[in-house]
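Beneath this line is the structure, given in structure tokens, with notes to follow.
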Amino acid sequence: MSLLHQGIPLTWYLLLSAALFSLGVIGFLIKRNLITVFLSIELMLNAVNLSFVTFAYEWNAVKGQIFVFFVMMVAAAEAAVGLAIIIAVFRTRATLAVDRINLMKL
Amino acid sequence: MYLILFLVFAGFCLAGAINLLLQTHPINSALSLIVVMTSLAVLYLLLGAEFLAIAQIIVYAGAVMVLFTFVVMLLNAGREERTLGSRAAGPIGFSAVVVLLAVLATVILRLQGLGVATLGHGLTNAPNQSNLVLLSQVLFHELLLPFEVTSVLILIAILGAVAIARRDGGERTAEK
């Protein structure tokens, strides 16, 4: 019964957020596919959003949640532009390996 | 109950994120990122952010990830290949990130006075005021201008995406 009503410390949420962010950074560094690198960036954005929501919960701050909403909107715009750039890069290079995309101009 | 829900969905989050790193094919990475995002939506619900949970599922797990999987299929992306220079990035990057995580965890564990999350508690404790009402009052009164500017931003971003990804954009302007 005590387990049913027991809460958890907010520190756990922050630790989860830090772990997700670190996994995103690892993916960004070691992955060699352009799309997977981009996915890692999205993972980092999500991790930061989690800590925003946690702090909004702690301080009853509405603007914390609204900030997460704006981050989501900007991330959607960023994903659209980024994927368009990936398509354009693939069209000129015919590869997605970041090791081969080392020149700005052909 | 709260503890079980948190542990299950935090576990899903971490498992999805680790699976994103372990998979070599981008479509598997994209699908495991959808798992992470959906589990994060449940965690938002546990933290009393209902609007953000639904927006997370619709915007992230829905729209953004559909875009990602569409691009993966359109470009027929295969398994990733490694060169000599990128093999060095593994150990160096891994140790750097372990240090980063240690610093972050130290800072978080030294935080004093953080509360405890319980079920049914959100931005407000008033019995007949919902989080959604509170959120929309601030978003549509105080922050109306930033909200509208965001719509312009997304419109410009979509126009830019179409302009970049158009097949014969370069040649057509060159002919003129």
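Numerical summary
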| item | result |
| --- | --- |
| Neighbour-count order for A:58, A:42, B:148, B:142, fewest beta carbons within 10 angstrom listed first | B:148, B:142, A:58, A:42 |
| Positive-end residue, the protein assembly as shown charge dipole about Cα centroid, Cβ charges, pick of B:139, B:55, B:28 | B:28 |
| Taking B:97, A:48 and counting other C-beta atoms within 10 Å, the order from fewest to most | A:48, B:97 |
| Which of A:85, A:49, A:18, positive extreme of dipole for region A:2-93 (C-beta unit charges) | A:85 |
| Size of electric dipole in the protein assembly as shown: Cβ of Lys, Arg +1 and of Asp, Glu -1, about Cα centre, debye, nearest 20 | 840 |
| Prolate/oblate/rounded call for the protein assembly as shown, Cα gyration tensor, a/c under 1.5 rounded | oblate |
| Lys, Arg +1 and Asp, Glu -1 on Cβ, resulting dipole of region A:2-93 about Cα centre, debye, nearest 20 | 380 |
| Shape of chain A, Cα gyration tensor, a/c cut at 1.5 | prolate |
| Shape call, region B:1-79: gyration tensor on alpha carbons, a/c limit 1.5 | oblate |
| Folded to 0 to 90 degrees: helix A:34-59 orientation relative to chain A principal axis, Cα | 20 |
| Length-normalised contact order for chain A - Cα pairs under 8 Å, 6+ apart - percent | 25 |
| Mean Cβ neighbour count within 10 Å, used as a protection proxy, ranking A:65-78, A:19-32 highest first | A:19-32, A:65-78 |
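None of the figures in this text is laboratory data; all of them are computed from the coordinates on show. Here the structure is a predicted model, which is why all the values come from computation and not from measurement. As a convention, Cβ positions derive from the backbone with ideal geometry for all residues, glycine included, and neighbour counts pool all protein chains shown.
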